[in-house]
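Worksheet: the structure to be examined is printed underneath.
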Amino acid sequence: MASSVPGPVPLPDSRYDLNTYIGRVKHCAEISDPAMLLTTSKDIEESKRLIWDYKNGVIPEMTPRLWKAKKILDSSIHPDTGDTVFLPFRMSSCVLSNLVVTAGMLTPGLGNFGTAFWQIANQSLNVAVNTANANKSHPLTTKQLVTSYFLAVGASCGVAIGLNSIVPKLKNLSANSKMILGRLVPFAAVVSAGIVNVFLMRSQEIKKGISVFDADGNQLGTSKKAAFQAVGETAASRVINATPIMVIPPLLLVQLQKSILKNKSLGVVTAANLGLIFTTSLVALPFALAIFPQKRFVQASSLEEQFRGLKDKNGNEINTVWFNRGI
């Protein structure tokens, strides 16, 4: 993010009001804009230079060119490290990176092998995205990363394969109800594994705490309470993010297969499935991402005792602090 560029002049968090849900929706639509995938290394370096000029007083005010530079950095740069996030794991790549995997999981009639394959592919992508974008206060060791990955894979495959075997045996449901429940099995698997994945991948943050800052960006210390809130909200966001993408397309596809897609070839059904997933992802993602702000402001009194009674550079008591929630 642009906030990682050094300089004494504070940079506006967004051109939109991030204290409102609609403002965050507009902001998230910018950072998840697939058009940002066309930015080059040269564009990123030029954007860093422009933002540095603003934060160091060379440019006196925000301009359309500066807002574009900020958009490029917010969609490409990690806020803690200042490093460029690997392209497939950036927020701007979220829709495209997940398209094939999500379509695979939502393909009707998958057997156990196909179910396991796509759940493994999905968790592999999740681990990569989580690792690339998580709060970097306490990075995981290789052992912790591998352990988290296999436990998440086990959870997703266990839920998906288990439910696939249970749903057909439900005697009190009609054939149509069983079909609908069967189409929602990937959603249950993704949500359960996503929650497991987040808490395992970020367990060190909960144990050791994450960095907490004042309004000027000065680090005040680390907080376990802030870490638990950050990880908990991120886990909740996994459910919220997955719900429209994993629920709306399969239910719409069920209806379409009864009408305009009836007796159509597998290729046509697959194309329709991809179109539904892509459209839903593009429209719903900003609304889901905006539920919880990434830069989380909280009352200092809600954290550990060490954050109470602190003074800023002007001698005023610091009542509000913030931390990077991660994604």
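Quick check on my link table: of 70/207; 68/295; 71/224, which ones sit more than 23 Å apart, alpha carbon to alpha carbon? Table pairs above 23 Å Cα-Cα are 70/207; 71/224. Between the range 249-327 and the range 19-53, the C-alpha centres lie 17 angstrom from each other.
To the nearest 10, the accessible area of residue 45 is 110 Å² with a 1.4 Å probe.
Highest mean packing comes first when the peptides 150-158, 71-79 are listed by Cβ atoms within 10 Å, giving 71-79, 150-158. Extension gain, residue 145-residue 308: 0.36 nm per intervening residue step, less the Cα-Cα distance, totals 55.2 nm.
Given in Å, the Rg to one decimal and the Dmax to the nearest whole number for the Cα atoms of the range 65-168 are 16.9, 57.
Computed over the chain, the alpha-carbon pair-distance distribution with 10 angstrom bins reads 6, 23, 31, 23, 12, 5, 1, 0, each value a whole percent. Using a probe radius of 1.4 angstrom, the carbon and sulfur fraction of the accessible surface of the chain is 63%.
Accessible surface calculations at 1.4 Å, restricted to protein heavy atoms, place the range 234-316 at 52 Å² per residue. The mean accessible area for residues of the range 94-163, using a 1.4 Å probe and ignoring ligands and nucleic acids, is 44 Å² per residue. Projected onto their three principal axes, the Cα atoms of the range 160-223 cover extents of 60, 22, 14 Å, largest first.
At a probe radius of 1.4 angstrom, the accessible area of the range 2-76 per residue rounds to 54 square angstrom. Charge dipole of the range 208-327 (Cα centre as origin; +1 on each Lys and Arg Cβ, -1 on each Asp and Glu Cβ, all else neutral): 520 debye, rounded to the nearest 20. Spin-label model, residue 100 to residue 81: label points 7 Å out along the Cα-to-beta-carbon direction sit 2.4 nm apart. Each stretch of four or more DSSP H residues adds -39500 (n - 2.57); spread over every residue of the chain, this sum gives -19000 deg cm²/dmol at 222 nm. When the Cα convex hull of the range 1-95 is projected onto planes of every orientation, the mean area is 5.9 nm². Here the spin labels are modelled as points 7 Å beyond Cα on the Cα-Cβ line, and at residue 299 and residue 19 they lie 1.6 nm apart.
The values are calculated or read from the model by the stated rules, or taken from the named source; none is laboratory data. Here the structure is a predicted model, which means the values were calculated and not measured. With ideal geometry, Cβ positions are generated from the backbone for all residues, glycine too; neighbour counts draw on all protein chains shown. When the accessible area is computed, the model is the full protein with side chains, heavy atoms only, and any ligands, DNA or RNA have been set aside. Shrake-Rupley method; radii C 1.70, N 1.55, O 1.52, S 1.80 Å.
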